[in-house]
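The values are calculated or read from the model by the stated rules, or taken from the named source; none is laboratory data. Not measured: the values here are computed from a predicted model. Cβ coordinates were reconstructed from backbone atoms using ideal geometry, including for glycine residues, and neighbour counts include every protein chain displayed.
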Amino acid sequence: MSAELARLNRFFEAWRGPLERQAGVLFEARLHHGASIGDTAIANRLVESLGLQPIGFNWEMLDASQDDNVPRSAIAAFSDALSKNMAFPSQEWLGVDCAKQCGSEFIESFKPDTRTILTNRLDMGWNPISAATIEWAFIGSDERKIALLLVTAED
């Protein structure tokens with residue numbers, strides 16, 4: 001295992017169980033060559049290599065700071081995605097604090113000066129990359145590594 005991927009792998013080891021309690025989970029982390037082909041192209045290349053549907057320019061870039069009060073905050077998106085059950089929103093999943101912690105650990109796995117966090121969710125819906133009824137995908141990257149966290153549910 002690459003030392004550069006060690007933090008991402010520790011992230012997934014810690015969060016796999018809690019995430020899988022209420023969702024299907026796909027996690028993939030790998031090194032990439034940081035080619036300057038654009039963030040969405042890199043994201044699409046990763047999902048396509050996993051047999052998922054690329055969504056072109058429909059990835060939403062999130063603010064990767066630790067501030068959940070800024071527009072398009074990645075921490076707030078993780079909270080929205082993971083605090084409640086995706087199929088049954090009246091049921092708690094991770095809760096707000098744990099969801100934010102999960103998001104923070106994912107984000108912190110990438111170098112701050114070059115990290116990008118993308119999601120397939122927008123305010124009014126999402127651009128599916130899988131065949132699941134409900135999904136939420138996050139892609140994090142920096143100049144050396146990239147990771148996909150995809151959580152899915154059926155209603």
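Observations on the model:
- Test for E4: is it farther than 21 Å from M86 by Cα, surrounded by fewer than 16 Cβ atoms within 10 Å (Cβ to Cβ) and either among the hydrophobic types (A, V, I, L, M, F, W, C) or at pLDDT below 95 (or both): yes
- For region 17-35, the criterion of a residue being more than 21 Å from T152 (Cβ to Cβ) and in a helix (DSSP H, G or I) is satisfied by no position.
- Pick from region 42-61, criterion without any contact (Cβ under 8 Å) to a residue 60 or more places away in the chain and under 16 Å from the mean Cα position of the chain (by Cα), ranking: surrounded by the fewest Cβ atoms within 10 Å (Cβ to Cβ): E48
- Residues within region 36-52 that are outside any helix (DSSP H, G or I) and within 22 Å of F78 (Cβ to Cβ), tallied: 2
- Subset of region 116-135 [over 13 Å from the mean Cα position of the chain (by Cα) and either β-branched (V, I, T) or under 24 Å from R10 (Cβ atoms) (or both)]: T133, I134
- Pairing each residue of region 95-113 that is polar (S, T, N, Q) with any residue that is assigned to a helix (DSSP H, G or I), provided the two are 6+ apart or on different chains, yields C-beta distances under 7 Å for S104/I75; S109/R7; S109/L8; S109/F11.
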